[in-house]
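Undergrad: For reference, the structure I am asking about is given below.
The values are calculated or read from the model by the stated rules, or taken from the named source; none is laboratory data. Source: prediction; values computed, not measured. Note that each Cβ is placed from the backbone with ideal geometry, even for glycine, and that neighbours are counted across all protein chains shown.
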Amino acid sequence: MKLNRRHAKRGRVEIIPMIDTILILLIFYMSFSQFKVEERRIDANLPVYKTAAKAAVSEELEYTLHVKDRDNIIVNGGSSFDSISLRDAMLTLASVGQKVRIIIEAEPDTVYEDVIAALDACALAQLTKVAFRPLAEAPAKP
Amino acid sequence: MIDTIVILLIFYMTFSRFADAAKESKITLPQAKAGSTLDIRPGNVVVNLIEADTISLDKAEYKLTQLPGLLLKFKETVPKDQKVSVVLRADKSNVKYKDISDFMKMCAKAGIVDVTFATLEGGK
């Protein structure tokens, strides 16, 4: 009697489905991934209006920056600067060597980006004692 | 071709990442030249200020008036000796100073005075 010998099937990697899978994975990663965008930090203290008032009697110089917009930042109710010239003014102020406290205030409708421009000018001049003056509460309607 | 595709796939899998859970993708951060790299430490809570009166924490949206309660809850989870600070991620053009002012008042209600402003590197 003749016995049929069974031939063991050789394992084989199916190339075409593998390419399909890899391509789909590649498209998925290319479409839905994002590369790391480094975020940065600028620190400040909030809201320290009362503390700032105490500082005024100490040896610290106090400067108030009133931000109307990026090109109109009023320092101590006097001169107006844009964000670039404010940076130079803050660098000059920092070079004096005296302790400086900055208080930032703005119009209610000033965009956040412009407020950050003023804060950035202070941070670039290494003026780290920065506080924000919150808006006064609107009087209640009778 | 297969080699190229596999290498591309490995590259994308290695160097890409998906949005952070705490970070709101709808927000466009303002640009600033100053500042150091933002690293979220224990004791930091990330608050996204999307627009007036709307904040998000850990992908959940809340009203701004709910912020003091949320911050107080967070403070309870932090050890007493650890400094609690808020990392503010606000949209550069949708958010106005009055919203920032309201945000500050809410932080003050929760007894938090340390606030970090998240920015992107750049600016004029």
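Undergrad: Here are some conditions: (1) at negative phi; (2) modelled with pLDDT under 90. A:V111 meets all but one. Which one does it not meet?
TA: Among (1) at negative phi; (2) modelled with pLDDT under 90, the lone unmet condition for A:V111 is (2).
Undergrad: Restricting to region A:117-133, and then to whatever is assigned to a loop (DSSP other than H, G, I, E, B) and surrounded by fewer than 21 Cβ atoms within 10 Å (Cβ to Cβ), can you tell me which residue is modelled with the lowest pLDDT? Don't jump to the end; show me each part of the working.
TA: To start, the set of residues in region A:117-133 that are assigned to a loop (DSSP other than H, G, I, E, B) comprises A:125-129, A:133.
Add one more test, that the residue is surrounded by fewer than 21 Cβ atoms within 10 Å (Cβ to Cβ), and what stays is A:126-129, A:133.
Values: A:Q126: 84, A:L127: 83, A:T128: 80, A:K129: 83, A:R133: 83.
For region A:117-133, the residue satisfying everything is A:T128.
Undergrad: Kindly evaluate B:L67 against the criterion of being assigned to a helix (DSSP H, G or I) and surrounded by 18 or more Cβ atoms within 10 Å (Cβ to Cβ).
TA: yes
Undergrad: Further, regarding this structure: Please tell me if B:K92 is in a loop (DSSP other than H, G, I, E, B) and either among the charged types (D, E, K, R) or within 11 Å of chain A (Cβ to nearest Cβ) (or both).
TA: Working: in a loop (DSSP other than H, G, I, E, B): yes; either among the charged types (D, E, K, R) or within 11 Å of chain A (Cβ to nearest Cβ) (or both): yes.
So B:K92 fits the description; yes.
Undergrad: Another question about this same structure. The conditions are (1) touching a residue at least 12 places away in the same chain (Cβ under 8 Å); (2) facing another protein chain (nearest Cβ under 7 Å); (3) within 27 Å of A:I84 (Cα to Cα), and B:C107 fails exactly one of them. Which is it?
TA: Every listed condition holds for B:C107 apart from (3).
Undergrad: Another one. Look through B:D39, B:D114 and report the one residue that is in contact with a Ser or Thr (Cβ under 6 Å, 6 or more places away or on another chain), within 14 Å of another protein chain (Cβ to nearest Cβ) and closer than 27 Å to A:A117 by Cα. Write out each step before concluding.
TA: Details: B:D39 fails: in contact with a Ser or Thr (Cβ under 6 Å, 6 or more places away or on another chain).
Step by step, each of B:D39, B:D114 is checked, and only B:D114 is in contact with a Ser or Thr (Cβ under 6 Å, 6 or more places away or on another chain), within 14 Å of another protein chain (Cβ to nearest Cβ) and closer than 27 Å to A:A117 by Cα.
Undergrad: Okay, moving on. Quick check on my filter: what residues within region A:92-106 are of a type in the set (A, V, I, L, M, F, W, C), touching an Asp or Glu at 6+ places or on another chain (Cβ under 9 Å) and over 11 Å from A:A118 (Cβ atoms)?
TA: If the condition is that a residue be of a type in the set (A, V, I, L, M, F, W, C), touching an Asp or Glu at 6+ places or on another chain (Cβ under 9 Å) and over 11 Å from A:A118 (Cβ atoms), then A:V100 is the only one that fits.
Undergrad: When you go through B:V87, B:V45, B:V78 one by one, which is the residue that is farther than 24 Å from A:D69 by Cβ, in contact (Cβ under 8 Å) with a residue 40 or more places away in the chain, out of contact with any helix residue (DSSP H, G or I) (no Cβ under 7 Å at 6 or more places or on another chain) and not basic (K, R)?
TA: Among B:V87, B:V45, B:V78, only B:V87 is farther than 24 Å from A:D69 by Cβ, in contact (Cβ under 8 Å) with a residue 40 or more places away in the chain, out of contact with any helix residue (DSSP H, G or I) (no Cβ under 7 Å at 6 or more places or on another chain) and not basic (K, R).
Undergrad: Among (1) at pLDDT below 85; (2) out of contact with any Phe, Trp or Tyr (no Cβ under 9 Å at 6 or more places or on another chain); (3) closer than 26 Å to B:V84 by Cα; (4) not basic (K, R), there is one condition A:V96 misses while meeting the rest; what is its number?
TA: Condition not satisfied by A:V96: (3).
Undergrad: Pick from B:I55, B:I50: which is among the β-branched types (V, I, T), modelled with pLDDT of 85 or more and assigned to a strand (DSSP E or B)? Explain how you work it out, then say what you get.
TA: On the way: B:I50 fails: modelled with pLDDT of 85 or more.
The match here is B:I55.
Undergrad: Name the single residue that is modelled with the highest pLDDT among those in region A:22-52 being more than 18 Å from A:K99 (Cα to Cα) and assigned to a loop (DSSP other than H, G, I, E, B).
TA: Among those residues, the one meeting the criterion is A:S33.
Undergrad: Determine if region B:78-88 includes at least one residue that is in a loop (DSSP other than H, G, I, E, B), facing chain A (nearest Cβ under 8 Å) and under 28 Å from A:L127 (Cβ atoms).
TA: As a first pass, look at region B:78-88 and keep what is in a loop (DSSP other than H, G, I, E, B): B:78-84.
If we keep only those that are facing chain A (nearest Cβ under 8 Å) too, we end up with none.
Looking through region B:78-88, none of the residues is in a loop (DSSP other than H, G, I, E, B), facing chain A (nearest Cβ under 8 Å) and under 28 Å from A:L127 (Cβ atoms).
Undergrad: Name the single residue that is surrounded by the most Cβ atoms within 10 Å (Cβ to Cβ) among those in region A:95-116 being closer than 14 Å to A:V75 by Cβ and more than 7 Å from chain B (Cβ to nearest Cβ).
TA: A:I102
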